[in-house]
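The values are calculated or read from the model by the stated rules, or taken from the named source; none is laboratory data. Bear in mind that the values here come from a model prediction, so they are computed numbers and not experimental data. Glycine gets a Cβ as well: all are built from the backbone with ideal geometry, and neighbour counts include every protein chain shown. In case anyone asks, the SASA skips ligands and DNA or RNA and just uses the protein heavy atoms, side chains included. Shrake-Rupley method; radii C 1.70, N 1.55, O 1.52, S 1.80 Å.
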Amino acid sequence: MEQADIGAIRALLASKPRPVGWPARRQRLDEVGSVWPVAADVTLTAVDINGIPGEWSAVPGSDRSRVLLFFHGGGYCSGSIISHRRMASEAGRAGGVRTLAISYRLAPENPFPAALEDAVTAWHFLRRQGIAAKHIAIGGDSAGGGLSLAVALKLRDVKEELPACLWLVSPWTDLTMSGSTLITKEAVDPLIHKSYLCELADAYLGSAVDRKDPRVSPLFAKLTGMPPLLIQVGSAETLLDDAVRLAAAAGEADVSVRLEIWPHMIHAWHLWNARLESGRQALSSAGSFVRSHL
């Protein structure tokens with residue numbers, strides 16, 4: 001059943017191949033990410049965060065004093081609140097918390113450090129709302145996973161309080177593209193390929209930014225002092241090595257880290273949790289992790 005379910009998602013993705021041009025790519029990600037709408041009991045509330053579009057999601061019984069701050073994936077060039085609405089809202093349900101998702105500025109129109117600046121602004125927005133740092137988890141998928149870790153590193157470096165924990169799904173942590181699975185998983189990953197990642201990195205960074213800068217490639221950061229990490233990645237994705245190497249680096253830095261490698265799963269499979277049992281199970285595991293730290 002598991003492989004049959006993921007086969008249906010593969011078929012969905014194959015039916016909507018990635019187009020040329022950023023507007024069309026953004027529309028495509030919104031479409032494939034929102035095939036299944038949010039559950040009927042989810043309440044959505046738009047919020048303006050110093051000019052950054054945001055959206056609260058909550059279900060009956062959500063603890064309003066505890067928050068998951070969620071950053072969507074899309075290679076810093078695509079993705080939105082719409083594309084990740086189902087994933088973000090169900091993650092909040094699993095954790096028993098409200099979720100705040102934001103649509104940070106996208107490249108190439110807004111290259112680095114725009115996304116990081118917006119993500120840090122969202123953190124400070126929550127703190128100004130009176131939410132204690134120990135009651136906030138930060139999470140995201142793909143580029144949003146790398147961004148989540150980059151925010152925590154920024155907070156540590158300026159000696160601010162850190163979030164209680166980080167939840168990283170299929171995180172893109174190495175923009176030098178040195179991971180071995182970019183080659184060994186090329187044939188089985190239906191979404192992410194090295195040539196595409198190089199295009200995204202060029203759009204996000206241009207030629208002036210060092211690809212090993214820990215603000216864009218947190219794999220190369222000093223991870224000492226980071227909060228507990230949950231890293232979830234599929235066995236059938238090219239970014240598997242980004243996750244595995246990050247877990248090893250965190251462990252070497254005495255950071256509490258849990259790495260989950262989900263058999264047969266593809267990049268950010270949580271997106272299709274309405275259809276995919278392994279997506280629901282992964283969200284349940286993430287929810288338990290968040291609850292244990294908040």
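On the basis of the beta-carbon distance and an R0 of 25 Å, THR224 and ASN50 show a calculated FRET efficiency of 0.25. In order along segment 171-179, the phi-based Karplus estimate (6.51 cos²θ - 1.76 cosθ + 1.60, θ = phi - 60°) of 3J(HN,Hα) comes to x, 8, 10, 9, 7, 7, 6, 9, x Hz; Gly and Pro are listed as x. Pairwise inverse Cα distances across segment 37-125, averaged and inverted, put the Kirkwood hydrodynamic radius at 13.2 Å. With both labels modelled 7 Å from their Cα along Cα-to-Cβ, the GLU109 to ARG275 distance reads 2.9 nm. With the convex hull constructed from alpha-carbon coordinates only, segment 142-237 shows a mean projected area of 6.4 nm² over all directions.
With charges only on Cβ, +1 for K and R and -1 for D and E, what is the dipole size of the chain about its Cα centre, in debye, rounded to 20?
440 debye
Counting lysine pairs in the chain whose alpha carbons fall under 16 angstrom apart, excluding pairs fewer than 8 residues apart on the same chain, gives 6.
Converting phi to 3J(HN,Hα) with the Karplus coefficients 6.51, -1.76 and 1.60 and the offset θ = phi - 60°, segment 18-24 yields 5, x, 8, x, 5, x, 5 Hz in sequence order, with x at every glycine or proline. The stretch between GLN3 and ARG127 holds 40.4 nm of extra length on full extension. This uses 0.36 nm per residue minus the Cα-Cα distance.
Distance between the 7 Å Cα→Cβ label points at CYS198 and LYS16: 2.8 nm.
Would you kindly give the portion of the calculated P(r) for segment 216-255 that falls above 10 Å, as a percent of all Cα pairs? Beyond 10 Å sits 70 percent of the P(r) for segment 216-255.
Let me have the 222 nm mean residue ellipticity of the chain computed from DSSP H runs of 4+ only, each contributing -39500 (n - 2.57), with the sum over all residues rounded to the nearest 500. The helix-only estimate for the chain comes to -12000 deg cm²/dmol at 222 nm. The label-point distance for LYS134 and ALA248, in a model that sets each label 7 Å from Cα toward Cβ, rounds to 3.5 nm.
In the context of the full set of protein chains, segment 120-196 has a per residue accessible area of 34 Å² (1.4 Å probe). Remark on the chain: Rg and Dmax equal 17.2, 48 Å (Cα only).
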